[in-house]
1. Once both axes come from the Cα atoms, what is the angle between helix 135-147 and the longest principal axis of the chain, in degrees from 0 to 90, rounded to 10?
2. On a 0 to 90° scale, report how tilted helix 190-212 is relative to the longest principal axis of the chain, with both axes built from alpha carbons and the result rounded to the nearest 10.
3. Among 182, 38, 88, determine the one that fluctuates most according to a GNM of the chain built with springs between C-alpha atoms less than 10 Å apart.
4. Using the number of other C-beta atoms within 10 angstrom as an exposure proxy, rank 279, 166 with the fewest first.
5. Rounding to the nearest 10 and keeping the result within 0 to 90°, find how far the Cα-based axis of helix 26-36 lies from the longest principal axis of the chain.
6. When the chain is modelled as a GNM with alpha-carbon springs shorter than 10 Å, which of 209, 187, 300 fluctuates the most?
7. For the residues 104, 173, 217, 85, what sequence is obtained by ranking on other C-beta atoms within 10 Å, fewest first?
8. Using the count of nearby Cβ atoms within 10 Å as a rough guide to exposure, how do 185, 117 rank from fewest to most?
Ligand SMILES: [Zn+2]
């Protein structure tokens, strides 16, 4: 393949927008409810099929993160495989969602999943994805960056190459979480809701554009998740997400008033600072390294896809990139 030759990818025929995977993250809950209203179900030439759903209706009803266990950790083959009697509600629900949107890793899975989340951390709008070479997700992100220049935006790569991905968006052929904050859980803020609504609309616009033609090559900076910083005794100043944290700089203040400094060897970017939902796990923040990525132009091969589908099954498998 020549350097500038577009990467050919199948049409995005079926997409899903999911809210309420965590039932107290209300921007996605309200946005999905709004999009489901008949007057808002417009045909805009986007994905041929756009499914919108509330992932964890019981948790939404109770306005809590989850009922029995965190749904967004349940999408491994172990949990979505064979049914277990007396399993927690979220494992039962994960199996239902896998039947609806998947099966995970199969050709029948939806082409794209956008899973909507909120964080109490001051993170702006983030894409969180397992892959740093899923060109569809990277192009969608770049499109949102261009369309929403006043919204702070980062792409965070969680490298889980040594273990299986476990979140809802991993069911789709392409998928990412759209995480927006700061917003307290159980509350809704107009600026955060509006950013999410605009982000989802721009994603739909990009899909329409991709399905009908070509998108351009792009470059941007990606945050590579390194690790999480655990603490149980200290608290820290809020709102400095994605500021560079240098060795020796103040990080926490203990309850007795002492300052605790960052002792890492390398300057890194902190995020998910003081995320309310992570208190249970004792996670104070996550750390990332900034990396520049070059994303090739991509081209939709709708007709080619149909031809291959009918004749050379194995080729389609290659294009989809999934086993
Ligand atoms: Zn969430």
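Any read-out appearing in this document is the output of simple, stated calculations on the displayed coordinates, not a laboratory observation. Here the structure is a predicted model, which means the values were calculated and not measured. Reconstructed Cβ throughout: ideal geometry from the backbone, glycine too, with neighbour counts over all protein chains shown.
1. 70 degrees
2. 30 degrees
3. Sorting by GNM fluctuation, first place goes to 38.
4. Working: 279 12, 166 19.
Ranking 279, 166 by Cβ neighbours within 10 Å, fewest first, gives 279, 166.
5. 20 degrees
6. 187
7. On the way: 104 21, 173 24, 217 15, 85 4.
Exposure proxy ranking, most exposed first: 85, 217, 104, 173.
8. 185, 117
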